[in-house]
Amino acid sequence: MAGILSRGDRFLVCQRRGDGAFPYKWEFPGGKIEAGEDPGAALGRELGEELDIAVQSAREVFRHAHVYPGGTRVELAFFEVRAYGGEPRNRVFRRIAWVPAGELEGLDFLEGDLPLIHELRDGGLEGLSQRKGLSP
C-alpha cells in the first residue's frame, strides 16, 4: 500500500537508496501490510516511519496487481492522504521531492507504480476513484 500526498498539482515521491531492492527507483511512499494489520493502520505506520507524519484521513483511490521480474506478485493499493499532521521529512529515502503530475513519467519509477502515474497524467487525482469504480 502507498500514500498519495499532493499539494496543488504536485505529488510527493521518494527515491530509494542504492543499498536495497530496486536501487534508486522512484516510488510513492508506503510499504507492506503486516500480519493482522488493516490497510489504514499500515499506511499510518509506514508514513510515520518514512516521512515522520501522522495520517489523519485517507481513502483508497486506486488498486491493481503487478508481477515483478522473477514472478513476485503484489497487490498494490494507493490511498489519497487527505489530511496529516506534521511536515513530511525524509527519514529513509535517498531523497524526496514534490513533482508536478506532468513530470512524473520522466522519473525512473518502480514498474508497479506506472499504472497510477498514467492515471494521474490522464486525469489527475480528482475523480481517480470514480474512474476505477472505488467508493468515495
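Near I33: Cβ cut-off under 10 Å, other residues only, Lys/Arg at +1 and Asp/Glu at -1. The net charge is -3. Where the convex hull is taken over the Cα atoms of segment 32-95, what is its projected area averaged over directions, in nm²? Taking the Cα atoms of segment 32-95, their convex hull projects to 5.4 nm² on average.
Which whole number of Å³ per residue matches the convex hull of the alpha-carbon atoms in the chain?
Numbers: hull volume 15.3 nm³, N = 136.
Enclosed volume per residue, from the Cα hull, is 112 Å³.
Using a cut-off of 10 Å between beta-carbons, work out the net charge of the residues near A42 (Lys and Arg +1, Asp and Glu -1, A42 not included). Could you put the intermediate results ahead of the total?
Details: positive: K32, R45; negative: E34, E37, D38, E46.
Charge balance near A42 sits at -2.
Each Lys or Arg adds one and each Asp or Glu subtracts one; over the other residues with Cβ under 14 Å from the Cβ of D19, this totals +4.
Each residue, R94 and F22, gets one label point 7 Å from its Cα in the Cβ direction; the gap between the two is 1.4 nm.
Here r is the Cβ-Cβ distance between D38 and E105 and R0 is 41 Å; the resulting FRET efficiency, rounded to 0.05, is 0.80. Coupling constants for segment 34-40 follow from the phi torsions by the Karplus curve (6.51 cos²θ - 1.76 cosθ + 1.60, θ = phi - 60°), and in residue order they are 7, 3, x, 9, 8, x, x Hz; glycine and proline get x.
Throughout, read-outs are computed from the coordinates displayed, never taken from laboratory work. Please read these numbers as outputs of a predicted model, since none were measured by experiment. For neighbour counting, all protein chains shown are included, and Cβ atoms are generated from backbone atoms with ideal geometry for every residue, glycine included.
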